[in-house]
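Structure in structure tokens, see below.
The values are calculated or read from the model by the stated rules, or taken from the named source; none is laboratory data. Just so we're clear, the structure is a prediction, and the values are computed from it rather than from any experiment. A quick note on method: Cβ atoms are made from the backbone with ideal geometry, for glycine too, and the neighbour counts reach across all protein chains shown.
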Amino acid sequence: MPEFCESQSMSSAAVPDRPQVAHLPAEHPPVASGRIGVLLVNLGTPEGTGYWPMRSYLREFLSDPRVIEAPRALWLPLLHLAILTTRPSRKGRDYQKIWNVERDEGPLKTITRSQSEKLGGWIVAGGLGDAGGAIVVDWAMRYGRPSMASRIKALQEQGCDRLLVAPLYPQYCAATSATVADRAFDTLKKMRWQPTLRIAAPFYDQPAYIAAVAASLRDGLAKLDFEPEKILVSWHGIPKDYLDKGDPYYCQCAKTTRLLGDATGLSDKFVMTFQSRLGPKEWLQPYTLETVKGLAAQGTKNIALIAPGFFADCLETLEELDGENREAFLDDGGENFALIPCLNDSREALDVLADLLRRELAGWI
């Protein structure tokens, strides 16, 4: 075999299913190259609401040392002997409340697929000019299916020798953004021909993202038949010691909240809170549920919630915020409660993703 093989890269004008390859011996395996892969990645979802699918999903999620920063010798026995015996059934019941029965999948999977398809359609329609012909968009889940490893390999098989992995987390956190990068690099470690890799930066303060969330908030409020006295901007919580160790998540959430208030003129109504605690540790405060209860107890009758850190509606928004928090507010004397939907696969979401591609693919297109 020669020391190097010359392959003809795919042009943006005409991209065949497999590029023509010159100067290769007949026995050389097929070579595909010249394309750019874009992989949208969100957290994940179980394959079903029953005990075993939920257990499999929670085992993968809660075994990640980025998610639970505890000594493995202490945490793993607790996880396998206690938590995974009871939590799957309880969380399965929660997922049943929001399950996409028609497609038999969690809403996060349905929405992320649609985001990927719409972004791909925008590219095909010329959203990135002539360069779009060489770009392939796909999607994956960090935990569960489709796995990141399977989709990275699929993109390479389609000729993608450059890869942009885009975590759909506007704010950086080691437990979310960093673990996506970890899995991407773990996958590349097993590949002989590694694609050139970029990890998209967090976009918590990008004008396109702030404008999209502001528009979504304004539109959501305009549809209500009441005026909220307070608007809770709820973020997924993290243990406080993660912040103490240097995680920038809190600061980025705070900046997004400030910018969103400036963009909408609603800063005086905003209350920044944190949800989704797990375990006995102190987490970032104030807690969303306790704030909701406290407002109702103080006589607040009308509130709205928005969760800008979630790029798609999921268990934490549909069941926790619009279920548990709504029930707590109304039970404690509140009268009107509204959850503003996430960006999901809206035009505003596509605007954010398009802006991300223009920025992160600079130099490649």
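For the range 251-297, name all the residues that are farther than 26 Å from Leu58 by Cα and aromatic (Phe, Trp, Tyr).
Across the range 251-297, the qualifying residue is only Phe270.
Check the range 219-231 and report whether any residue there is of a type outside the set (D, E, K, R), surrounded by fewer than 18 Cβ atoms within 10 Å (Cβ to Cβ), touching a helix residue (DSSP H, G or I) at 6+ places or on another chain (Cβ under 7 Å) and not in a loop (DSSP other than H, G, I, E, B).
So far as the range 219-231 goes, no, none of its residues is of a type outside the set (D, E, K, R), surrounded by fewer than 18 Cβ atoms within 10 Å (Cβ to Cβ), touching a helix residue (DSSP H, G or I) at 6+ places or on another chain (Cβ under 7 Å) and not in a loop (DSSP other than H, G, I, E, B).
Determine, yes or no, whether Gly92 is small (Gly, Ala, Ser), part of a loop (DSSP other than H, G, I, E, B), at pLDDT 95 or above and over 17 Å from Thr317 (Cβ atoms).
no
Moving to a separate point now. Given Leu315, Leu321, which one is touching a helix residue (DSSP H, G or I) at 6+ places or on another chain (Cβ under 8 Å), crowded, with 24+ Cβ neighbours inside 10 Å, touching a residue at least 60 places away in the same chain (Cβ under 8 Å) and over 16 Å from Ala200 (Cβ atoms)?
Sole residue among the options that is touching a helix residue (DSSP H, G or I) at 6+ places or on another chain (Cβ under 8 Å), crowded, with 24+ Cβ neighbours inside 10 Å, touching a residue at least 60 places away in the same chain (Cβ under 8 Å) and over 16 Å from Ala200 (Cβ atoms): Leu321.
Being in a strand (DSSP E or B), within 30 Å of Leu260 (Cα to Cα), in contact with a strand residue (DSSP E or B) (Cβ under 6 Å, 6 or more places away or on another chain) and basic (Lys, Arg) is the requirement here; does Arg162 meet it?
No; evaluated as a whole, the condition is false for this residue.
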